[in-house]
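Reading through the structure tokens given below for one structure.
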Amino acid sequence: MASFLEMFSAPRALRWLAFAGVSCLSVAAWGADLKVGVISSLSGPVSALGIPYEKGVRAAHARIPEVAGHGIEVIVLDDASDPATAARNARKLVNEDKVDVLVGTSGVPGAMAIAAVAQELKTPLVSPTPVSLPGPDHDWTVVASQPFELMVSAVVKRMKAEGVKTVAFIGFSDALGDLAYDSLVRSAGELGIEVVANERYARGDMSVAGQVLKIMGKRPDAVFAGNSGTPGALPYLELANRRYSGRIYGTHGLINADFVRVGGRSIEGLEVPSGPVLVAEQLPAGDPVRDASMAFRASYQKLYGAPPTDAFSAYAYDAYLVLADAASRVGPDVQPGTTAYRQALKDAILSTRELVGTHGIYNFGPDSRYGSDERSVVMVRMEGGQWKLAAQPKPPGR
């Protein structure tokens, strides 16, 4: 990774053009000719994730504004947390703005919609959001976040070590909820843990009292929530209101400041999986992911005047690293803005080997569109309003 970053000069002057009345921000280096189209949820229910995504891309661009002699122009569009808008934005970026690669978006349904457009229009997509991409039908997409199966498996192993025998599920009534539930059932079954409930709610719902009452009636040892962002706090608030005393677990989609603020004391003791970036300073000195994570934090701090407080900006930062690393390996005879360049960039992305990011070390291939492995997962626990690297499992009872 060091050799890759050393290829880039210090950031040149940047032009930041904000257009009033439209959901678009253009970030360009002088003479930019490699175009990156970013779709994120800057408004709507998924904005707690989408806003950090945009910040992560900006932090990465500030550090790497050019690659292989090409300035990089980043165009950001808001999908308003709507999958149909995400798909329309993807088409606009490819057909009208002539981008060479896409990044986005903040929710699983929207990311799936963009992946379909990327496949149709033969444009590489680096998704910071986990999506299910079976078979050869989405070979223009790779994913910078950890697969749900890997992250949920880590949670279930933690449950097993802490003596959990029964677990209830509550999650979103959409693709993310399905992905989380299916992953839980698979991993729990392998370790002999019984899933006793499958309750769902919409991201915009204001109450889950009925769902939690059904869960309480099952008397589970633990509750696992398959959700993300600020709406992800709702089940934990209701569980605390009902004085639920079992263990609580969740997904890596909960690691953002707004969730912690809204969840308050109700999420004390919550255990979730995370990429190493969240606890980078607690990793051993010399750990490559630690070094990459601290470099990300320094870039973010310089740009925004404060350190990151979420894991999502780092996913978008890693997505940018993936495309920049790949672009550095595209031959000089192929120029951005062409069909040939998009194909060459796709091929380079799929040949990525041992690229060190903030959430892990990435390896992609035609049959491996998730780049992460076990090195990309740690378990963290909410203690006193802060995420801490989880200690060795304790006996049952919080």
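Only one of the listed residues (V103, V108, V94) is crowded, with 21+ Cβ neighbours inside 10 Å and under 21 Å from D325 (Cβ atoms). That residue is V103.
Within the range 254-276, count every residue that is of a type outside the set (S, T, Y) and open to solvent by 10 Å² or more (accessible area, probe 1.4 Å).
So the first thing to find is which residues in the range 254-276 are of a type outside the set (S, T, Y), and the list is 254-265, 267-273, 275-276.
Now narrow it down to the ones that are open to solvent by 10 Å² or more (accessible area, probe 1.4 Å): 257-258, 260-262, 264-265, 268.
Residues meeting the conditions: 8.
Any idea how many residues of the range 235-252 are assigned to a helix (DSSP H, G or I) and surrounded by fewer than 24 Cβ atoms within 10 Å (Cβ to Cβ)?
Qualifying residue count for the region: 5.
Go over the candidates A298, A326, A316 one by one and state the one that is out of contact with any His (no Cβ under 7 Å at 6 or more places or on another chain), assigned to a helix (DSSP H, G or I) and farther than 22 Å from A118 by Cβ. Explain how you work it out, then say what you get.
Values: A326 fails: farther than 22 Å from A118 by Cβ; A316 fails: farther than 22 Å from A118 by Cβ.
Of A298, A326, A316, the one residue that is out of contact with any His (no Cβ under 7 Å at 6 or more places or on another chain), assigned to a helix (DSSP H, G or I) and farther than 22 Å from A118 by Cβ is A298.
Select from the range 111-131 the residues that are more than 27 Å from G226 (Cβ to Cβ) and surrounded by 20 or more Cβ atoms within 10 Å (Cβ to Cβ) and list them in ascending order. Explain how you work it out, then say what you get.
Going residue by residue through the range 111-131, those that are more than 27 Å from G226 (Cβ to Cβ) are 120-124.
The answer is T123, P124.
Applying the condition of being of a type in the set (D, E, K, R) and under 21 Å from K35 (Cβ atoms) to the range 338-384 and asking which residue is most open to solvent (accessible area, probe 1.4 Å) yields D347.
Pull up the range 342-374, narrow it to residues that are in a loop (DSSP other than H, G, I, E, B) and under 11 Å from W140 (Cα atoms), then point me to the one that is farthest from the chain's Cα centre (by Cα). Break it down stepwise before answering.
Step one: filter the range 342-374 for residues in a loop (DSSP other than H, G, I, E, B), giving 350-354, 357-360, 363-364, 366-367, 369, 371-373.
In the following step, the residues that additionally are under 11 Å from W140 (Cα atoms) were identified as 350, 366, 369.
Numbers: L350: 19, P366: 21, R369: 15 Å.
The extreme case among them is P366.
Considering only the range 306-337, state which residues are open to solvent by 10 Å² or more (accessible area, probe 1.4 Å) and over 19 Å from E281 (Cα atoms). Listed by number, the residues that qualify are D325, S328, R329, V330, G331, P332, D333, V334, Q335, P336, G337. Counting only residues that are under 15 Å from V101 (Cα atoms), in contact (Cβ under 8 Å) with a residue 60 or more places away in the chain, not in a helix (DSSP H, G or I) and not β-branched (V, I, T), the range 59-87 holds 1 of them.
Going through the range 294-305 one residue at a time, which ones are open to solvent by 10 Å² or more (accessible area, probe 1.4 Å) and either without any contact (Cβ under 8 Å) to a residue 12 or more places away in the chain or within 18 Å of E281 (Cβ to Cβ) (or both)? Correct list: M294, A295, R297, A298, S299, Y300, Q301, K302, G305.
Filtering the range 217-234 to residues that are of a type in the set (A, V, I, L, M) and either at pLDDT below 95 or not in a helix (DSSP H, G or I) (or both) leaves A222, V223, A225. Figure legend. Inter-residue proximity from the range 31-44: first residues farther than 12 Å from G110 by Cβ and open to solvent by less than 10 Å² (accessible area, probe 1.4 Å), second residues of a type in the set (S, T, Y) and at pLDDT 95 or above, beta-carbon distance below 8 Å, spacing 6+ or different chains. Indicated pairs: V36/Y320; V38/Y53.
The values are calculated or read from the model by the stated rules, or taken from the named source; none is laboratory data. Just so it is clear, the structure is predicted and the values come from calculations on it, not from any experiment. Glycine gets a Cβ as well: all are built from the backbone with ideal geometry, and neighbour counts include every protein chain shown. These accessible areas exclude ligands, DNA and RNA; they are computed on the full protein's heavy atoms, side chains included. Shrake-Rupley method; radii C 1.70, N 1.55, O 1.52, S 1.80 Å.
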